[in-house]
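Trainee: My questions all concern the structure below.
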Number of protein chains: 2
Amino acid sequence: MKEKEPFMKEAIRLSEEKMLAGFGGPFGAIVVRGEEIIARGYNNVLSSNDPTAHAEVDAIRKACQALDTYQLQDCELYTSCEPCPMCLGAIYWARLKKVYYGNTRQDAAAIGFDDNFIYDEITIPIDKRHIPMQQLLPQEAKTAFKAWQEKENKQNY
Amino acid sequence: MKEKEPFMKEAIRLSEEKMLAGFGGPFGAIVVRGEEIIARGYNNVLSSNDPTAHAEVDAIRKACQALDTYQLQDCELYTSCEPCPMCLGAIYWARLKKVYYGNTRQDAAAIGFDDNFIYDEITIPIDKRHIPMQQLLPQEAKTAFKAWQEKENKQNY
């Protein structure tokens, strides 16, 4: 694993540098293909007023722009902290090959971030969650799904 | 719930219109404060080459820009389909008040989307997941967390 360590060190370096510069929380991530760094991401929730601007999402979005694709099957992600559920979802949608992480979700909870709480919320039934969720107009909603199924020449993804 | 229905109908309308126009899958979402629509979002994964550009993420990002904040405590989200784990995470980070949804994750799976699969992946232990995850350099990673804790005048979020 020695050859992997410089990549993790770069993710950690970013996490501290960008946090100290006021962009957001102490989180950095990079997308790597082979031995090449494709994109560098960091938490910029505060500077961008964007709650989705976590390090992993930032790195994935930048890597997709750099490679002109919405899938990163040949790439690996190095992140200074275990991804939160939002970022883990993004990792699956981007179809990354492997994820290396430094801190854990429990480490993040210990310094005041909600990652672990959100993991708990996702696993419990909808009607037990802290943010109430309610189904509305399911029959009407299905019309768009039917239209998707019937669409010709569509790009499945 | 009658007064909620026009908002859901708008989310559904967006889901179909933008999908037919080729932006991405059949998903739409709006952020509402009181009786006012703050932002309209739709899946634009294909047109933006951005795997994170789901309807809910798109609507949340636009609403945060419109209101100049990274938190939406006074807002509700209407989405044409139950949020995937990425979007559910984004909803928690944005601290939305309530979520209304049309289709379910099972409906999404039935037309070929991975939402349900990703829910399953998130709930299983890290070492059982389809995308391998491995911890690396945890001691080094903690230095940035310590620096965050020691940072003066920081904005907790």
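Trainee: Can you spot a residue in the range B:30-37 that is at the interface with chain A (Cβ under 7 Å from one of its Cβ atoms) and buried (at least 24 other Cβ atoms within 10 Å of the Cβ)?
Mentor: Scanning the range B:30-37 turns up no residue that is at the interface with chain A (Cβ under 7 Å from one of its Cβ atoms) and buried (at least 24 other Cβ atoms within 10 Å of the Cβ).
Trainee: Is it the case that the range B:75-91 has a residue that's farther than 30 Å from residue B:123 by Cβ and more than 7 Å from chain A (Cβ to nearest Cβ)?
Mentor: Checked against the condition, which is being farther than 30 Å from residue B:123 by Cβ and more than 7 Å from chain A (Cβ to nearest Cβ), the range B:75-91 yields no hits at all.
Trainee: Taking the range A:113-157, which residues are facing another protein chain (nearest Cβ under 7 Å) and at positive phi?
Mentor: Correct list: A:137 only.
Trainee: From the list B:101, B:92, B:119, B:70, which residue is in contact with an Asp or Glu (Cβ under 7 Å, 6 or more places away or on another chain), buried (at least 19 other Cβ atoms within 10 Å of the Cβ), farther than 29 Å from residue A:13 by Cα and of a type outside the set (S, T, N, Q)?
Mentor: Going through B:101, B:92, B:119, B:70 in turn, the sole match is B:101.
Trainee: Select, from A:110, A:53, the only residue that is of a type outside the set (Ser, Thr, Tyr), surrounded by fewer than 19 Cβ atoms within 10 Å (Cβ to Cβ) and within 10 Å of chain B (Cβ to nearest Cβ).
Mentor: On the way: A:53 fails: surrounded by fewer than 19 Cβ atoms within 10 Å (Cβ to Cβ).
Matching residue, one of A:110, A:53: A:110.
Trainee: Residues of the range A:1-52 being in a strand (DSSP E or B) and either aliphatic (A, V, I, L, M) or in contact with a Gly (Cβ under 9 Å, 6 or more places away or on another chain) (or both), which ones?
Mentor: Once the filter is applied, which keeps residues that are in a strand (DSSP E or B) and either aliphatic (A, V, I, L, M) or in contact with a Gly (Cβ under 9 Å, 6 or more places away or on another chain) (or both), the range A:1-52 yields A:28, A:29, A:30, A:31, A:32, A:37, A:38, A:39, A:40, A:41, A:42.
Trainee: Mind telling me which of the residues B:114, B:58, B:68 ends up being out of contact with any Gly (no Cβ under 7 Å at 6 or more places or on another chain) and at pLDDT 95 or above?
Mentor: B:68
Trainee: Does residue B:94 fit the bill of being more than 21 Å from residue A:94 (Cα to Cα), of a type in the set (Gly, Ala, Ser) and either more than 7 Å from chain A (Cβ to nearest Cβ) or touching a residue at least 12 places away in the same chain (Cβ under 8 Å) (or both)?
Mentor: yes
Trainee: Return the residues of the range A:64-86 that are free of Cβ contacts under 8 Å to residues at least 40 places away in the same chain and not hydroxyl-bearing (Ser, Thr, Tyr); say none if nothing qualifies.
Mentor: Within the range A:64-86, A:64, A:65, A:66, A:67, A:68, A:73, A:82, A:83, A:84, A:85, A:86 qualify.
The values are calculated or read from the model by the stated rules, or taken from the named source; none is laboratory data. This one's a predicted model, so the numbers in the text were calculated from it and none came from an experiment. Don't worry about glycine lacking a Cβ; one is built from the backbone with ideal geometry, like all the others, and counts go over all protein chains shown.
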